[in-house]
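Peer 1: Structure incoming, see below.
Each value in this text was obtained by applying a stated rule to the coordinates, not by laboratory testing. Worth saying up front: this structure is predicted, and the values here are computed from it rather than measured. Because the Cβ atoms are built from the backbone with ideal geometry, glycine has one as well, and the counts that use them run over all protein chains shown.
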Amino acid sequence: MLARFHATFGQDNWVHRTSGWTLIGVNPASFDTDPDSPQMAWLGGVLDASAGPIGLFLNKPWFKMVDGDVSRDTRRGLEALFDGHDLRFVAQGHVHQVNDRPTDGIGIDWLPSVAVVEHGGMEDGGARLAGLARLTLDRTGHRFDACDVVGMADHVVEFPGVPAARARPELADA
């Protein structure tokens, strides 16, 4: 299935440099942390060429995960690779919630889902809503603002025995 994805959409990792920042996207579920793997060589080269602050985007959480989603070895390999670099935030999806959980001086930002809102699920502690996140970068830091999108609705997926979601917070306009 991953080969079909790559054939259709290209690689599931990327880098974008803007405003002195390096923004990196990786798919930890398919990321091979073997030191000799092409992914590690690519990421190592990107980090070596990065002089300023770094933001990391993941489709699944890097921290506090349900067993089986992303291996601890993958997380440890990524953490070791970022040692000595100015990692400022990890933006992640998959939990269908919005939250900011700083950990060890790194912003751990949960971004909203553009598809469905789960009641319950893997993690708890964030606002469950559908929408977009607007990223603002400057020399002093970063900020994500969750934004409503005109015409987007919260399509709720409910699981038996799981408590209902909290009230939807007020959001910025997209």
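Peer 1: Give the Rg (one decimal place) followed by the Dmax (whole number) of region 1-44, computed from C-alpha coordinates and expressed in Å.
Peer 2: Looking at region 1-44, its Cα Rg and Dmax stand at 11.9, 36 Å.
Peer 1: Still on this structure: In nm, to one decimal, how far is the modelled label at T18 from the one at V150, with both set 7 Å along Cα→Cβ?
Peer 2: The answer from the label model is 2.2 nm.
Peer 1: Hey, what do the phi angles of region 23-29 turn into as Karplus ³J(HN,Hα) couplings, whole Hz, using 6.51/-1.76/1.60 and θ = phi - 60°, x for Gly and Pro?
Peer 2: 9, 10, x, 9, 9, x, 5
Peer 1: Pop out the ³J(HN,Hα) list for region 7-12 in order, Karplus 6.51 cos²θ - 1.76 cosθ + 1.60 with θ = phi - 60°, rounded to Hz; leave Gly and Pro as x.
Peer 2: 5, 8, 10, x, 5, 9
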